[in-house]
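S.K.: Can you read through this structure? Questions will come right after.
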Ligand SMILES: Nc1ncnc2c1ncn2[C@@H]1O[C@H](COP(=O)(O)OP(=O)(O)OP(=O)(O)O)[C@@H](O)[C@H]1O
Ligand SMILES: [Mg+2]
């Protein structure tokens, strides 16, 4: 397959015809192939029809709602139907909350309206380049997978921060047991990585780890997916199917997005967990299954129980051990190691010659609030590698923008304090070499001296006496 001649396919969604018109004009001129949609329904129909390299969707649809809820629902559905499709959202200028929420829910980036043509094109092109490269990569990977079928490689889980150490300890301690583990944490914190690490640390590691997304399956599909069916069990059942529970026999079943499972389905799963027995749809034969259960959610299950959306008995069955993954903003010490890990991966993937990060880039990474957690960091690094022109990744290559006070994490600091800390760190790292520190910070020597005075810092980074 040759992707070099691929025309980028863009899906545009907005309920306002004039917005669509303007975007269509802009993007047609750039040689993109455009499909437009005016409602969430049309968007979902379009993605069923064909593959896109990127989707740019508005967050508000009916004219009199500004809550953005429709757009966020649409985002969730797009993420579910094709997690590899990069989704960019458009928000009205000033409504940063919606953008932050969208990033947390897996949007790759956001554009504020009215948009800046140059920036919009740059953002789109970056995502298209990434998604085309990733698709090609996925194909190669599938091929490799077939070649070394059977080899089980333990996932890499990076974390040495105070916040992550207990997590690693629990994995080591309960991994080898058959205890049910519930992994909780915000989007992108690494719940799936932890599930794989648990399986790899278990005595079942030579047996399969079967993943099922527990949300979004209709009742009929759900049963046949989990429990299987016999030929002729229902009209479309032309052949028999083995369900996930059976596939995971003697291995691990990973039920992801657990809180999204409807109550009726929860009851069915609970029964199998309690008895270790199931019936394929349309069959009266009892099948015994032995699975170790790992579940994940980003919801607060205790709250779901109180509000009647989640069965209490199922909660007790799944949370023998709970691993709560801290958000990335609470483990900033890990950022550098994670960034290096992702950088390595991208370098290998794209065969780029990149030496590493400039210290200003590291500082920017450390100070970003990371609403999208580790996944966002991974995307930022991939994008930075594609954006970088030199040997080193510069702070600008990261494209990290201020998210504004409404969107910032509680522990985000005022700019002034961030600057002070960055300078302190640079001086400490260069052991008081002002020229070198200035270089790392992208400042001239005299500009750095001026800032030392303003922040009352000595040249070794310690707090100086103010001598007025
Ligand atoms: N500690 C880590 N070390 C290395 N890679 C990590 C780590 N945590 C997360 N990742 C990577 O970050 C990305 C997101 O992680 P993952 O899919 O496990 O998150 P998640 O919590 O399941 O997110 P979601 O709630 O959106 O499903 C993955 O590519 C994963 O490999
Ligand atoms: Mg996940």
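Every number in this text was worked out from the coordinates using simple rules, so none of it is lab data. Because the structure is predicted, anything quoted here is derived from the model rather than measured. Cβ sites come from the backbone with ideal geometry, for glycine too, and all protein chains shown count toward neighbours.
S.K.: Just grab the label-to-label distance for residue 156 and residue 462, each label 7 Å out from Cα along the Cβ direction, in nm (one decimal).
M.R.: 3.9 nm
S.K.: Moving on to the next point. How high is the relative contact order of the chain, in percent, with contacts defined as C-alpha pairs under 8 Å that are six or more residues apart?
M.R.: Here the relative contact order equals 12 percent.
S.K.: I need 316, 110 ordered by Cβ neighbour count within 10 Å, fewest first.
M.R.: In order of increasing Cβ crowding within 10 Å: 316, 110.
S.K.: Tell me, in nm to one decimal, what length is gained between residue 16 and residue 169 on full extension, where the rule is 0.36 nm per residue of separation less the Cα-Cα distance?
M.R.: Length gained between residue 16 and residue 169: 49.8 nm.
S.K.: Hey, what number do you get for the chain at 222 nm if only DSSP H runs of n ≥ 4 count, each worth -39500 (n - 2.57), divided across all residues, to the nearest 500?
M.R.: -13500 deg cm²/dmol
S.K.: Using Cα atoms only, what is the angle between the long axis of helix 191-200 and the major principal axis of the chain, expressed in degrees (0 to 90) to the nearest 10?
M.R.: 60 degrees
S.K.: Okay, next question. For the range 165-326, give the share of DSSP beta bridges that are antiparallel, in percent and rounded to the nearest 5; count only bridges with both residues there.
M.R.: That works out to approximately 20 percent antiparallel.
S.K.: Residue 117 to residue 76: FRET efficiency via 1/(1 + (r/R0)^6), r the Cβ-Cβ distance, R0 25 Å, to the nearest 0.05?
M.R.: 0.30
S.K.: In whole percent, what relative contact order does the range 9-145 give with Cα contacts below 8 Å and a gap of six or more residues?
M.R.: Computed value for the range 9-145: 21 percent relative contact order.
S.K.: Also, I was wondering about something else. Can you say what percent of the DSSP beta bridges in the chain, counting only those with both residues inside, are antiparallel? Round to 5.
M.R.: The antiparallel fraction comes to roughly 10 percent.
S.K.: According to a simple spin-label model (label point 7 Å from Cα along Cα-to-Cβ), what is the distance in nm between residue 284 and residue 307?
M.R.: Placing both labels 7 Å beyond Cα along the Cβ direction yields 4.3 nm.
S.K.: Any idea what the relative contact order of the range 166-266 is, in percent, if you count C-alpha pairs under 8 Å spaced at least 6 apart?
M.R.: Over the range 166-266, the number comes to 29 percent.
S.K.: With a point put 7 Å past each Cα toward its Cβ, work out how far residue 454 is from residue 267 in nm, to one decimal.
M.R.: 6.6 nm
S.K.: For each of 424, 113, 238, count neighbouring Cβ atoms within 10 Å of the residue's Cβ, then give the residues from fewest to most.
M.R.: 238, 113, 424
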